[in-house]
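The values are calculated or read from the model by the stated rules, or taken from the named source; none is laboratory data. These figures come from a predicted structure and were not determined experimentally. FYI the Cβ positions are ideal-geometry reconstructions off the backbone, even for glycines, and counts take in every protein chain you see. The accessibility values were calculated without ligands, DNA or RNA, using every heavy atom of the protein model including side chains. Shrake-Rupley method; radii C 1.70, N 1.55, O 1.52, S 1.80 Å.
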Amino acid sequence: MAEREEDAFERKESKKDKGYIAFRSDDDSVGEEEEEDSRPKGKKVKREKSRSLALRIKTKKQKKEKEKDKEKEKDKEKKKKKKAENLSPPQAPRKPVFGVPLEVATKQTRLPDGVELPRVFREGIVHIEENCLEVEGIYRVSGTKSKIDFLRESYDQGKTVDLHEYEAEAVSSLVKLYLRELPENILTAALVPKFNEISSIKDRSEQVEKTKQLLTELPSCNRTLLAWLFTHMSHVIEKYSSNRMNLQNIGIVLSPTMNVGHSVLFIFLNYVEELFPDTKLTKYSGPLTTSVGMGDDEEDLPSSPNALASALAKQEAILTQLHEELNMNTDIAQPDRQDEMLWEVQRKVTLLKRKLRHAKRHALQSNQGEEQQKKQEHTTETRDEEDGAISLLEASEAELLLEQEELTSIGDELRKRLEQEKKEIERLNVRVNSSHLYQMIQQFIII
């Protein structure tokens, strides 16, 4: 019965909407009450029931309308989000550094100057070298976990990080965290047993030679990381009076971090200079910019060919990196900035190449001029030497002539003397002969 009355009411309402029945005034409440009182009681009850049903139907309709409005609003919000997503460029994909192979992390995050190290490890080591070597308990005291996690996430997202905003313990803990999360032992699973065998060798020179030989079998990025790490740790140990970190303390810290035995670590720490003699912990100076080292004109560029060549190599490395990022769509979030950087670096490369050509040409001309000048000086010197030699020869010739004249005069005198001596000898011979004849005549007379 209630359902029939509800259907009838809906039909009446629909007819009212179509204009078949005129609306009654809601303000004429007194007239309604009088009419209801004059009607029979049964009809009054039905009227009240129909009103309650009407209220229920209205509330249902209102709820449905509200739900429809909410759905419309949700659809609008979804459309707005889609439009915003279409308008706003997507974020660059992550390039995780922690927990990935060392070779992958090095390839993805190394700096353009060619040092085969992940950016997080290199920047952490350089920061501690410059600012934190004398901090007491460096590498032994752990930093705040929230700060370490934030630094890790920043490096994994490829963001620029200013380590000066963090305390020394946070940076050293970040370096240890990177070493701890390497998926493979830094000495590699194949060579770890061989390194352990070296620790049993007692002869020092033999230990060093065999360690050097095993280091050559490691990948280049592993060798570079070991060289940087132990060279840095030797600098930490040198500051023991301030940081209270000696060789034993460093070994206690690094052994669980790197999963390397104490005996092997002590070989590296004791023979750092022999194993890694040419290692220099250099800070990346960054690309040339318009404010530092390079302006908009060629006059602001370096002047020497060597400085120009190094600056050109750095800019070309940055240009290559930008092209790789564009090809990999790693910086779509800021396409305008990426294009601007690409254009700026390309412009600097062009300026550097032009200036380098001019510098080489000028150096070549100056070298040629110097060579010509040297040749002229050499010819003048040779001429002077020849003139001096000729004068010396002339003087010696004159001396020889004088000596020859003297010798000829001496020879003439000697010849004269010889002739006189000969004459004297002849005279004496005649005299001797004459005296001998005289003696013979006397003897003949006596007889």
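In this structure, is residue 126 over 20 Å from residue 97 (Cβ atoms) and either at pLDDT below 95 or open to solvent by less than 70 Å² (accessible area, probe 1.4 Å) (or both)? In short, no. When residue 381 is tested against (1) at pLDDT 75 or above; (2) loosely packed, with under 12 Cβ neighbours inside 10 Å, only condition (1) is not met.
The residues of segment 133-151 that are in contact with a helix residue (DSSP H, G or I) (Cβ under 8 Å, 6 or more places away or on another chain) and open to solvent by 10 Å² or more (accessible area, probe 1.4 Å), listed by number, are 133, 134, 135, 136, 140, 141, 142, 143, 144, 147, 148.
Within segment 216-254, the set of residues being more than 27 Å from the chain's Cα centre (by Cα) and either of a type in the set (Lys, Arg) or open to solvent by 40 Å² or more (accessible area, probe 1.4 Å) (or both) comprises 240, 241, 242, 244, 246, 248, 249, 252. The criterion of being within 30 Å of residue 112 (Cα to Cα), touching a residue at least 60 places away in the same chain (Cβ under 8 Å), part of a helix (DSSP H, G or I) and not hydrophobic (A, V, I, L, M, F, W, C) holds for residue 348. The number of residues in segment 248-274 that are touching a Phe, Trp or Tyr at 6+ places or on another chain (Cβ under 7 Å) and more than 20 Å from residue 174 (Cα to Cα) comes to 4. Take the conditions (1) closer than 24 Å to residue 114 by Cβ; (2) modelled with pLDDT of 75 or more; (3) aliphatic (A, V, I, L, M); residue 390 misses just one of them, which is (1). The C-beta contact set for segment 397-421 (first residue in contact (Cβ under 8 Å) with a residue 40 or more places away in the chain, second residue among the polar types (S, T, N, Q) and surrounded by 10 or more Cβ atoms within 10 Å (Cβ to Cβ), distance under 8 angstrom, 6+ apart or interchain) is empty. Comparison of 186, 201, 237 shows that the only residue that is hydrophobic (A, V, I, L, M, F, W, C), in a loop (DSSP other than H, G, I, E, B) and touching a residue at least 12 places away in the same chain (Cβ under 8 Å) is 186. Residue 154 falls short on exactly one of the conditions (1) at pLDDT 90 or above; (2) open to solvent by 30 Å² or more (accessible area, probe 1.4 Å); (3) under 24 Å from residue 318 (Cα atoms); (4) not β-branched (Val, Ile, Thr), and that condition is (2).
For segment 294-304, the criterion of being at pLDDT below 70, in contact with a strand residue (DSSP E or B) (Cβ under 9 Å, 6 or more places away or on another chain), open to solvent by 60 Å² or more (accessible area, probe 1.4 Å) and part of a helix (DSSP H, G or I) is met by at least one residue.
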